[in-house]
1. Per residue of the chain, what 222 nm ellipticity follows from adding -39500 (n - 2.57) for every DSSP H run with n ≥ 4, rounded to the nearest 500?
2. In percent, what relative contact order does the chain have, based on Cα pairs under 8 Å that are 6 or more apart in sequence?
3. Tell me whether segment 136-237 comes out rounded, prolate or oblate; compute the Cα gyration tensor, take square roots of the eigenvalues as a ≥ b ≥ c, and use a/c under 1.5 as the rounded threshold.
4. Could you work out how far the C-alpha centroid of segment 22-77 sits from that of segment 165-205, in angstrom?
5. Taking the number of other C-beta atoms within 10 Å as the exposure measure, put 170, 148 in order starting with the fewest.
6. Where both residues lie in the chain, what percent of DSSP beta bridges are antiparallel, nearest 5?
7. Specify the residue with the greatest mean-square fluctuation among 218, 31, 51, computed from a Gaussian network of the chain linking alpha-carbon atoms under 10 Å apart.
8. Among rounded, prolate and oblate, which fits segment 1-126 when a ≥ b ≥ c are the square roots of the eigenvalues of its C-alpha gyration tensor, a/c under 1.5 means rounded, and a/b larger than b/c means prolate?
Ligand code: UDP
């Protein structure tokens, strides 16, 4: 039986890539069902759960712009891609008996609700999972920034950034076997060392509003539950704690 949750309200950032599994495009139904199950377990424990979902498995504005498209149009396509992903996850959650609401920063009322902060908080209080779609609703931003923004707006106690690796490393662990995983980092350290955690806007928002962030591997089954029940050993925590010498942040070799 899982223990009591450490957090009352969380915001989970899922990239579009987290939904596509081994494929190189779109949504993998098995992956999305597993994610929905893990979210259901956390919700059932009483943790109010908001989710910001990316769109990189379908369209990324920067990629389309590099191919010659107008950047603002490309970003509109990217934001619409996040709505598709949110609808897929809403469907998977509802098939597991979890009430979920997609709230979009762009108005598409035939498809989902508009993002209205007070209504989002009400949904969370009622135990509904809120899927924040269409990023911030503005071009030139990312869904990481949307995640920081929504987490602060709805008063989440922790922002969880789901990635493909089990935390933040000193170098790319796929390319550099000597790369070290950090247990804890300070936001200024992330900025000074240009560590690839989230984009600068997202990091600065978290730092200035004192929102703690945990970066973790979403492929590790049960990791989400372990984090919300207080396990400090999962992933990397980023907060405004003391800026200690780098060596003491590293896990033993
Ligand atoms: N996007 C945007 N404004 C936002 C959030 C997202 O224009 O506030 C667009 C942008 O084109 C981005 C795409 O939506 O490339 C998908 O979001 P993102 O790249 O953050 O998705 P992820 O990498 O998390 O899958």
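1. On the way: 8 runs with 88 residues, N = 253.
Computed mean residue ellipticity for the chain: -10500 deg cm²/dmol.
2. On the way: 515 pairs, mean separation 53.9, N = 253.
Answer for the chain is 21 percent.
3. On the way: a/c = 1.67, a/b = 1.23, b/c = 1.36.
It comes out oblate by the Cα gyration axes.
4. For segment 22-77 versus segment 165-205, the Cα centre distance is 21 Å.
5. On the way: 170 16, 148 31.
Fewest-to-most Cβ neighbours within 10 Å comes out as 170, 148.
6. Numbers: 5 of 34 bridges.
Taking every DSSP beta bridge with both residues in the chain, the antiparallel ones total about 15 percent.
7. Highest fluctuation of the listed residues: 31.
8. Judged from the Cα gyration tensor, segment 1-126 comes out prolate (a/c at least 1.5, a/b above b/c).
Every number in this text was worked out from the coordinates using simple rules, so none of it is lab data. Bear in mind the structure is a predicted one, so any value in this text is a computation, not a measurement. Glycine gets a Cβ as well: all are built from the backbone with ideal geometry, and neighbour counts include every protein chain shown.
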